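Only one structure is covered here, and it is reproduced in the block below.
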Amino acid sequence: MNRFYDDIAADYDRLWGDQEYAADELAFLRDLAGSGPALEVGVGTGRVAIPLSGTGLRVVGVDPSPGMLEVLRAKADNAQRANVEVLVNDLRLTGVRGTYTLIYCVFHTFFYADSRADQQRFLERARDLLAPGGRVVVEAYHAGASRLARWADGIRLTEVWPEGCEYEIYRHDGEAQTVHVTWVRCDRERLRCSSWTERYVTPGQLDDLATRAGLVSDQRWSTFGRAPFDANARRFVAVYRLPSAGRAQAGG
């Protein structure tokens, strides 16, 4: 994934930088962050972190892609009131310091972990870094009927224009709960190709991981606009809380 994002860093905002739910996402995270600071895991080019910091909140962003962070720094230099500190780091948060009222990981970045152990490690490190009463937000796709149908097709054409196209090829392992994705984008001048593995979890499985990390389930929605979650939801937004009495003991 690092090589993929380094390769597309200059084009990322043009390809995926505009999300129709961005205003709801910003309001949702700002509401939970309180006085801050906030930590974004998988900060990328700052699609979320820069406007969030523009509300007066200090934001620390970690990402394993130096190319994406280079774009973020350039954008932050030109943004009003941007206060984003960036670190090259990954989901395991090794060596990250500080105390945060909000730690968030959105756009299914959580599924890019190298292993289930790393997903568990993220939640444990989040527990260690949260202020009492602080919250962790994980947003990702829901592996429901629509997602399973997409994977079963094996290929999805995501964009077509006069000079080229973009498509994705899927290999789904339901038992392991993994999806191997090959991404191809081609035009008259260039062919780009990358592949990675996503390790998805169900919302219930994520709850179990969070409980083992010593966090308490606080909210679950299908959108940042707080639409109720049900079996037909395409995505989910899960919120976990560190008990206000102090740092909880992790389970076995």
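Taking first residues from the stretch 50-75 that are of a type in the set (S, T, N, Q) and partners that are part of a loop (DSSP other than H, G, I, E, B) and open to solvent by less than 50 Å² (accessible area, probe 1.4 Å), the Cβ contacts under 6 Å between residues at least 6 apart in sequence or on separate chains come to S53/A82.
With respect to the conditions (1) under 25 Å from E198 (Cβ atoms); (2) in contact with a helix residue (DSSP H, G or I) (Cβ under 8 Å, 6 or more places away or on another chain); (3) not aromatic (F, W, Y), S115 lacks only one, and its number is (2).
Cβ-Cβ contacts under 8 Å between residues 6 or more apart (or on different chains), taken from a first residue in the stretch 136-152 that is over 21 Å from F122 (Cα atoms) to a second residue that is outside any loop (DSSP other than H, G, I, E, B) and open to solvent by 40 Å² or more (accessible area, probe 1.4 Å), are listed as L148/H172; R150/R156; W151/H172; A152/H172. Inside the stretch 214-239, residues that are out of contact with any strand residue (DSSP E or B) (no Cβ under 8 Å at 6 or more places or on another chain) and open to solvent by less than 60 Å² (accessible area, probe 1.4 Å) make up a count of 3. Contact annotation: residue pairs with Cβ atoms under 7 Å, 6 or more positions apart or on different chains, pairing a residue in the stretch 18-47 that is under 22 Å from L130 (Cβ atoms) and open to solvent by less than 20 Å² (accessible area, probe 1.4 Å) with a partner that is polar (S, T, N, Q) and not in a loop (DSSP other than H, G, I, E, B), are A33/T101; G36/T101; A38/T101; V41/T109.
I'd like to know if the stretch 191-213 contains one or more residues that are open to solvent by less than 40 Å² (accessible area, probe 1.4 Å), over 22 Å from the mean Cα position of the chain (by Cα) and touching a residue at least 12 places away in the same chain (Cβ under 8 Å). Checking the stretch 191-213: at least one residue is open to solvent by less than 40 Å² (accessible area, probe 1.4 Å), over 22 Å from the mean Cα position of the chain (by Cα) and touching a residue at least 12 places away in the same chain (Cβ under 8 Å).
Can you find a residue that is assigned to a strand (DSSP E or B), in contact (Cβ under 8 Å) with a residue 12 or more places away in the chain, in contact with a strand residue (DSSP E or B) (Cβ under 9 Å, 6 or more places away or on another chain) and not basic (K, R) anywhere in the stretch 118-129? There is no residue in the stretch 118-129 that is assigned to a strand (DSSP E or B), in contact (Cβ under 8 Å) with a residue 12 or more places away in the chain, in contact with a strand residue (DSSP E or B) (Cβ under 9 Å, 6 or more places away or on another chain) and not basic (K, R).
In the stretch 107-117, is there at least one residue being crowded, with 18+ Cβ neighbours inside 10 Å and more than 14 Å from the chain's Cα centre (by Cα)?
Checked the stretch 107-117: no residue is crowded, with 18+ Cβ neighbours inside 10 Å and more than 14 Å from the chain's Cα centre (by Cα).
Of all the residues in the stretch 82-106, those that are open to solvent by 50 Å² or more (accessible area, probe 1.4 Å) and either in a strand (DSSP E or B) or hydroxyl-bearing (S, T, Y) (or both) number 5.
Got a number for residues in the stretch 132-146 being at negative phi and surrounded by fewer than 17 Cβ atoms within 10 Å (Cβ to Cβ)?
The initial filter retains those residues of the stretch 132-146 that are at negative phi, namely 132, 134-146.
Still in the list and also surrounded by fewer than 17 Cβ atoms within 10 Å (Cβ to Cβ): 132, 144-146.
The number of residues fulfilling the criteria is 4.
For Y104, the conditions (1) touching a residue at least 60 places away in the same chain (Cβ under 8 Å); (2) over 23 Å from F28 (Cβ atoms) are fulfilled apart from (2). Restricting the stretch 1-43 to residues that are at pLDDT below 90 and of a type in the set (G, A, S), the residue that is nearest to Y104 (Cα to Cα) is G36.
The values are calculated or read from the model by the stated rules, or taken from the named source; none is laboratory data. All values derive from a computational prediction rather than experimental measurement. Cβ coordinates were reconstructed from backbone atoms using ideal geometry, including for glycine residues, and neighbour counts include every protein chain displayed. Keep in mind that these areas ignore ligands, DNA and RNA; they rest on the heavy atoms of the full protein, side chains included. Shrake-Rupley method; radii C 1.70, N 1.55, O 1.52, S 1.80 Å.
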